[in-house]
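The values are calculated or read from the model by the stated rules, or taken from the named source; none is laboratory data. None of these values were measured; they are calculated from a predicted model. For neighbour counting, all protein chains shown are included, and Cβ atoms are generated from backbone atoms with ideal geometry for every residue, glycine included. Each accessible area value is taken on the protein alone, full model and side chains, heavy atoms only, with ligands, DNA and RNA left out. Shrake-Rupley method; radii C 1.70, N 1.55, O 1.52, S 1.80 Å.
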Amino acid sequence: MTEEKQKIIIIGGGIAGLTSAFYLQKAIQEENLPFELKLIEASHRLGGKMQTVIRDGFTIERGPDSFLARKLSISRLAKEVGMDDQLVHNSTGKSYVLVNEKLHSMPGGSIMGIPTEVGPFLTTGLFSIPGKLRAAADFILPRSESGKDQSLGEFFRRRLGDEVVENLIEPLLSGIYAGDIDQLSLMSTFPQFYEVEQKYRSLIIGMKKSTPSQPKTPVNKEKAKGAFLTFKTGLQSFAEAIEAKIDPKTILKGHRVDKITKNGNKYDVYLNNGETLVADSIIAATPHKITQSMFGDYRFFDPFKEVPSTSVATVALAFPEEAVKNDIEGTGFVVSRNSDYSITACTWTHKKWAHSTPKGKVLLRCYVGRAGEETIVDLSDDRIIKIVLDDLKKTMDITMNPDFSIISRWQNSMPQYTVGHKQRLTDILDHMNAELPGVFLAGASYGGVGLPDCIDQGEAAVQNVLNYLKKENS
Ligand code: FAD
């Protein structure tokens, strides 16, 4: 008699779900485990937010375009699926912040907007003299109350004053979440700043002491490596490479999970085509509001209903080189909220990622939409392009219309880790572990939004599933 295999269902084929499927299959094969895997994805493609358009020699990312190189889980997975030879670092270059309609280069020695060198901070035109003096209060201010969550805004405004926050820190930090720094949780977004403050009291001194100093001239005259990596063939090709390693029989695309209920020590998973699958263990790699609605019978997920997600759009514009007259040295800029602009950031992609653009062309990639400014995402393509071009023409001499443009709307795509996120999540997970054993969560809504964070969560979920099922079997 053949042994009945235990069934694991992964819901959602974004990077978190793909990672889970890849490592689970690997463990099942390597350890010859009596488990069976199914990955269910609502759309007809895997990769979730990783989407690339290859057109006329351009490689254009619709969603994420890169990831932090120091977070190693993604490079490790790239090696596993034979994509490590496609990894490429960004070109380094000047970056700017646009404040009151003017581009200012980032003051040297600022780390995520926190000044660590006095000279460039004193000479930058980004802040007034009172603003600079206020920032110096950081040297004498006491630490925050230990262990208490607070908003990024509250933390930085107290330490460095409103001006440094609004002209530098806000545009840099809020861009990652398309969020409002006065709502985002310090502990769930940048806990390292809290830790530095607790250790050194002064953020400025602490950041200087805890960050390895960069050589002013790169060693061996090599060009300094950028802090980011991406895949020359686009992030979608990474998703496709992972998919290619997963047994196609285990992948179910174009099927949405509508509901999950506990049935004894198993789970009934209801699909939108009327089919019901049975699972012994589940990884929900779906955004939090979808997770809440799939588990609608379990009220402890209800707090997810209140967690906002903001909408953004990326706008890629491809030009011939001669269309952009004043070539500004650098790789891009972020926009402070006190500027009369609709774009929130612009990358000179042809410079930052040379592989993305054919010779003789220019590729600009802008963002629109952030917490409180989301209606722009719903405008027509023509309106969005006009708004973006009008904004760009305020800082760049653009003389022609783009050869083509690609607008990618991402509705409710950026989960907002608002103050209390950690505690809210812990409460939900405690209930889930007690009432729905064998169910695990992974993905951007929970333990980090970056691609490597989602991979880490996928790997952790796999470990949890294996521990759970092995214990069940013992
Ligand atoms: P997703 O990619 O959202 O995948 C979830 C999947 O679940 C989707 O495929 C969806 O179709 C599926 N699904 C949903 N409901 C169901 C259901 N009921 N049944 C079955 N399947 C379902 N991160 C970086 O590290 N670097 C960047 O440069 C960067 N830039 C970004 C730019 C933009 C515009 C956006 C939107 C995000 C960016 N991020 C970036 C964040 C990062 O892309 C995401 O956090 C990450 O891709 C999320 O992966 P995920 O697997 O959690 O979710």
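Data for the structure
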item: Lysines whose Cα lies under 19 Å from that of residue 393, excluding same-chain neighbours fewer than 8 positions away; result: 102, 325, 351, 361
item: Rounded to the nearest 20 debye, dipole of the chain from Cβ charges on Lys, Arg, Asp, Glu; result: 1000 debye
item: Accessible area per residue, Å², region 249-297 with all protein chains present, probe 1.4 Å; result: 44 Å²
item: Sulfur and carbon atoms: percent of accessible area, the chain [1.4 Å]; result: 52 percent
item: For region 367-436, alpha-carbon Rg relative to the globular expectation (2.2 N^0.38 Å, N residues); result: 1.78
item: Label point distance in nm, residue 79-residue 145, each placed 7 Å from Cα along Cα→Cβ; result: 4.6 nm
item: Value in Å of the Kirkwood radius, where region 277-331 supplies the Cα pairs that are averaged; result: 16.1 Å
item: Relative contact order %, the chain, counting alpha carbon pairs below 8 Å whose residues are six or more apart; result: 24 percent
item: Charge-dipole axis of region 26-142 as Lys and Arg at +1 and Asp and Glu at -1 on Cβ define it, positive-most pick from 53, 29, 123; result: 123
item: Translational D in µm²/s for region 75-115 (Stokes-Einstein at 37 °C, 0.692 mPa s, Kirkwood Rh from C-alpha pairs); result: 246 µm²/s
item: Unit Cα scatterers, Debye sum, region 312-358: log10 I(q)/I(0) for q = 0.14, 0.16, 0.28, 0.33 Å⁻¹; result: -0.41, -0.54, -1.26, -1.32
item: Radius, Kirkwood style, for region 102-221 when every pair of distinct Cα atoms is counted (Å); result: 14.8 Å
item: Descending Cα extents along the principal axes, region 319-430, whole Å; result: 58, 29, 25
item: Probe 1.4 Å, protein heavy atoms only - accessible area per residue of region 355-444 in square angstrom; result: 46 Å²
item: Measure of compaction for region 31-160 (Cα Rg per 2.2 N^0.38 Å); result: 1.61
item: The chain - share of DSSP beta bridges that are antiparallel (%, nearest 5); result: 75 percent
item: Accessible surface, region 1-85, averaged per residue in Å² (probe 1.4 Å); result: 47 Å²
item: Label-to-label distance, nm, for residues given as residue 199 and residue 321 (7 Å Cα→Cβ offset); result: 4.6 nm
item: Most to least packed among 466-472, 241-247 [average Cβ atoms within 10 Å]; result: 241-247, 466-472
item: At least 15 Å along the helix axis (C-alpha) and Kyte average at least -1.0, DSSP helices within the chain; result: 15-31, 235-245, 381-393, 451-473
item: Global geometry of region 413-469, whether rounded, prolate or oblate, following the gyration tensor of its Cα atoms and the 1.5 cut on a/c; result: oblate
item: Charge-dipole axis of the chain as Lys and Arg at +1 and Asp and Glu at -1 on Cβ define it, positive-most pick from 235, 114, 17; result: 114
item: Debye, to nearest 20: dipole size of region 118-186, +1 on Lys, Arg Cβ, -1 on Asp, Glu Cβ; result: 300 debye
item: With 20 Å bins from 0: P(r) over the chain, alpha-carbon pairs, percent; result: 22, 53, 23, 1, 0
item: Hz values of 3J(HN,Hα) by residue in region 260-274 - Karplus curve (6.51, -1.76, 1.60), Gly and Pro given as x; result: 9, 10, 7, 9, x, 9, 10, 10, 9, 10, 8, 9, 6, 8, x
item: In sequence order, calculated HN-Hα J values of region 402-414 (Karplus, 6.51, -1.76, 1.60; Hz; x Gly/Pro); result: x, 4, 7, 9, 10, 9, 10, 8, 10, 6, 6, 9, 10
